[in-house]
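Handing you this structure, nothing more for now.
The values are calculated or read from the model by the stated rules, or taken from the named source; none is laboratory data. Keep in mind it's a predicted model, so treat the numbers as computed, not measured. Note: ideal-geometry Cβ built from the backbone for every residue, glycine included; neighbour counts use all protein chains shown. The protein model used for the area step is the full one, side chains on, heavy atoms only, and it has no ligands, DNA or RNA in it. Shrake-Rupley method; radii C 1.70, N 1.55, O 1.52, S 1.80 Å.
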Amino acid sequence: MSSKSATSRRQAFRGSTLHFLDDPADADPAGSFEFHDDGLLVVEDGHISKVGNAPELLPTLARDTPVTDRSGQLIVPGFVDAHAHFVQTDIIGSHGQRLLEWLERHTFPAERAFADPEHAREVAEFFVTELLRNGTTTALVMGSVHRASVDAVFAAAAARGMRLIAGKVMMDRNCPDDLRDTAASSYSDSKALIERWHGHARLQYAITPRFAPTSTPEQLAGAGRLAREHPDVYVHTHIAENEEEVAWVRQLFPDRRGYLDVYDHYNLLRRRAVLAHGIWLDDREMERLAQSEATLVHCPTCNLAMGSGLFDLPRATAAGVRVALGTDVGGGTSFGMLRVLDEAYKVAQLRRHNLSPLRAFYLATLGGARALDLDGRIGSFRPGNEADFVILDPAATPLLARRTSAAKSLAERLFLFATLGDDRAIAATYLMGKLSHQR
Ligand code: GUN
Ligand code: ZN
């Protein structure tokens with residue numbers, strides 16, 4: 001590694017460094033993370049080379065290695081947002097309804113506009129920029145029913161070098177006529193999108209039936225067939241978010257044992273199947289989810305805004321269910337995973353559970369990567385991983401600076417970022433070692 005070109009591709013970042021090796025809830029917290037107060041993150045060719053103590057590592061680097069000084073700031077792996085709708089960017093913060101009415105009143109009209117590919121391009125560009133401004137470097141995203149919406153969001157992510165999983169919504173009943181596809185067209189459109197995008201650059205596809213009520217049994221069967229034909233693509237949908245929705249699914253699928261069994265019956269449960277919410281699942285369903293290795297996504301900002309309910313994180317964890325966190329933009333009220341951590345803490349409080357700051361940051365990084373089956377590439381500073389990371393600034397606001405200066409532990413500092421932090425606390429976001437957002 002002594003050639004000039006090799007050294008010129010190497011760069012280093014000095015600041016406090018934190019990443020997780022395991023779930024702090026499952027392991028001795030002391031062994032679950034690696035923290036260096038005066039740390040150095042070394043990146044080579046867009047990948048993590050090493051992380052350690054700056055005073056020890058600096059003398060080992062070639063003298064011409066560029067070092068970006070972020071002393072006083074915290075360097076963590078980029079956040080993983082495991083559930084968002086880019087086509088709902090413009091309805092974030094719509095006042096006042098529960099899920100089913102909100103879909104009719106706000107969501108369907110907004111998604112109708114994505115019949116225009118130019119609109120889709122403009123929104124996709126804004127959406128991806130906003131994720132990076134909030135420190136999110138990987139997201140799992142729903143498009144609209146229009147195939148071109150997914151082309152737009154994949155193109156926007158690819159242009160930034162961003163890791164993104166997305167899919168075209170499949171929806172052939174219980175929605176406006178002009179937002180309806182068919183079992184046959186949703187199968188062939190999804191298949192064409194898989195062939196065009198899955199595995200291209202940092203992009204992966206998700207087969208995306210919106211949720212059981214908006215798909216006929218024929219459409220779900222087609223989605224299951226696609227899943228069988230493409231074992232490494234994702235499945236992305238919603239489940240058991242709200243009590244009215246759960247009752248509706250029982251009426252629509254009287255032959256199934258419950259909501260989860262609808263997806264199970266159509267071959268949509270497996271590793272890389274990602275189901276948003278899961279607030280109203282029973283113990284048998286939790287057990288089956290764990291066995292299937294599917295993932296639930298906890299989206300607290302959305303669940304609180306829509307009055308859907310309080311996700312039981314310890315129950316899901318105890319059942320062995322894989323869990324990630326999501327913004328659920330635009331039902332969710334922020335693009336920021338720091339805001340999600342804040343609300344996840346408060347939801348846990350209402351369930352008489354104390355979510356530790358370490359576990360919260362784990363869930364937003366390595367936990368999200370594991371739940372999406374991406375921990376071999378992102379989520380931690382393991383050598384060889386893709387160098388997606390975020391610089392958090394504890395001096396971002398006067399209040400954050402004041403409170404952080406009195407913090408006595410790493411956990412306290414993290415908790416203050418979650419409680420008081422937002423996009424202002426994201427000083428910079430890097431994708432594959434490249435500066436992709438700077439405040
Ligand atoms: N269930 C079905 N569609 C949606 C959606 O767009 N947002 C949320 N939060 N839940 C859903
Ligand atoms: Zn959603």
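At least 1 residues that are within 16 Å of ligand 1 (Cβ to nearest atom) in each: list the helices (runs of 4 or more DSSP H) lying fully within the range 253-306 that qualify. Break it down stepwise before answering.
Values: elements: 259-265, 283-292, 300-305.
The helices (runs of 4 or more DSSP H) meeting that bar are 259-265, 300-305.
Taking the criterion of being farther than 28 Å from Gln204 by Cα, touching a Leu at 6+ places or on another chain (Cβ under 8 Å) and open to solvent by less than 10 Å² (accessible area, probe 1.4 Å), would at least one residue in the range 307-314 satisfy it? Before the answer, list the steps.
Quick first cut of the range 307-314, residues farther than 28 Å from Gln204 by Cα only: 307-310, 312, 314.
Still in the running and touching a Leu at 6+ places or on another chain (Cβ under 8 Å): 308, 310.
So of that shortlist, the ones also open to solvent by less than 10 Å² (accessible area, probe 1.4 Å) come out as 308.
Yes: the range 307-314 contains one or more residues that are farther than 28 Å from Gln204 by Cα, touching a Leu at 6+ places or on another chain (Cβ under 8 Å) and open to solvent by less than 10 Å² (accessible area, probe 1.4 Å).
Any idea which of Ala369, Ala324, Ala364 is in contact with a strand residue (DSSP E or B) (Cβ under 6 Å, 6 or more places away or on another chain), within 16 Å of ligand 2 (Cβ to nearest atom) and under 24 Å from Ile165 (Cα atoms)? Quick ask: steps written out before the conclusion?
Values: Ala369 fails: within 16 Å of ligand 2 (Cβ to nearest atom); Ala364 fails: within 16 Å of ligand 2 (Cβ to nearest atom).
So the residue among Ala369, Ala324, Ala364 that is in contact with a strand residue (DSSP E or B) (Cβ under 6 Å, 6 or more places away or on another chain), within 16 Å of ligand 2 (Cβ to nearest atom) and under 24 Å from Ile165 (Cα atoms) is Ala324.
Which of the residues spanning the range 69-92 are away from ligand 1 (no atom under 16 Å from the Cβ) and surrounded by 14 or more Cβ atoms within 10 Å (Cβ to Cβ)?
Within the range 69-92, the subset away from ligand 1 (no atom under 16 Å from the Cβ) is 69-80.
Across the range 69-92, the qualifying residues are Arg70, Gln73, Leu74, Ile75, Val76, Pro77, Gly78, Phe79, Val80.
What's the total number of residues in the range 34-61 that are crowded, with 21+ Cβ neighbours inside 10 Å and among the hydrophobic types (A, V, I, L, M, F, W, C)?
Result for the range 34-61: 7.
Can you give me the number of residues within the range 174-218 that are touching a Lys or Arg at 6+ places or on another chain (Cβ under 8 Å), open to solvent by 50 Å² or more (accessible area, probe 1.4 Å) and closer than 23 Å to Glu244 by Cβ?
Qualifying residue count for the region: 1.
Out of the residues in the range 367-383 that are outside any loop (DSSP other than H, G, I, E, B) and either in contact with a helix residue (DSSP H, G or I) (Cβ under 9 Å, 6 or more places away or on another chain) or small (Gly, Ala, Ser) (or both), which is surrounded by the most Cβ atoms within 10 Å (Cβ to Cβ)? Please lay out each step first, then the result.
Applying the first criterion (outside any loop (DSSP other than H, G, I, E, B)) to the range 367-383 yields 367-371.
Pick out the ones that are also either in contact with a helix residue (DSSP H, G or I) (Cβ under 9 Å, 6 or more places away or on another chain) or small (Gly, Ala, Ser) (or both) and you get 367-369, 371.
Numbers: Gly367: 26, Gly368: 31, Ala369: 26, Ala371: 27.
Going through the qualifying residues, I end up with Gly368.
Turning to a different aspect of this structure: Show the residue pairs meeting these rules: Cβ distance below 8 Å; 6+ apart or different chains; first residue within the range 20-47 and closer than 24 Å to Leu435 by Cβ; second residue basic (Lys, Arg) and not in a strand (DSSP E or B).
Glu44/Arg9; Asp45/Arg9
Please state which one of Thr137, Thr107 is of a type outside the set (Phe, Trp, Tyr), modelled with pLDDT of 95 or more and closer than 30 Å to His47 by Cβ.
Thr137 is the lone residue from the list that is of a type outside the set (Phe, Trp, Tyr), modelled with pLDDT of 95 or more and closer than 30 Å to His47 by Cβ.
Related question: Within the bounds of the range 51-68, is there any residue that is within 16 Å of ligand 1 (Cβ to nearest atom) and either on the phi < 0 side of the Ramachandran plot or within 21 Å of the chain's Cα centre (by Cα) (or both)? Write out each step before concluding.
Going through the range 51-68, the residues within 16 Å of ligand 1 (Cβ to nearest atom) turn out to be none.
For the range 51-68, residues within 16 Å of ligand 1 (Cβ to nearest atom) and either on the phi < 0 side of the Ramachandran plot or within 21 Å of the chain's Cα centre (by Cα) (or both): absent.
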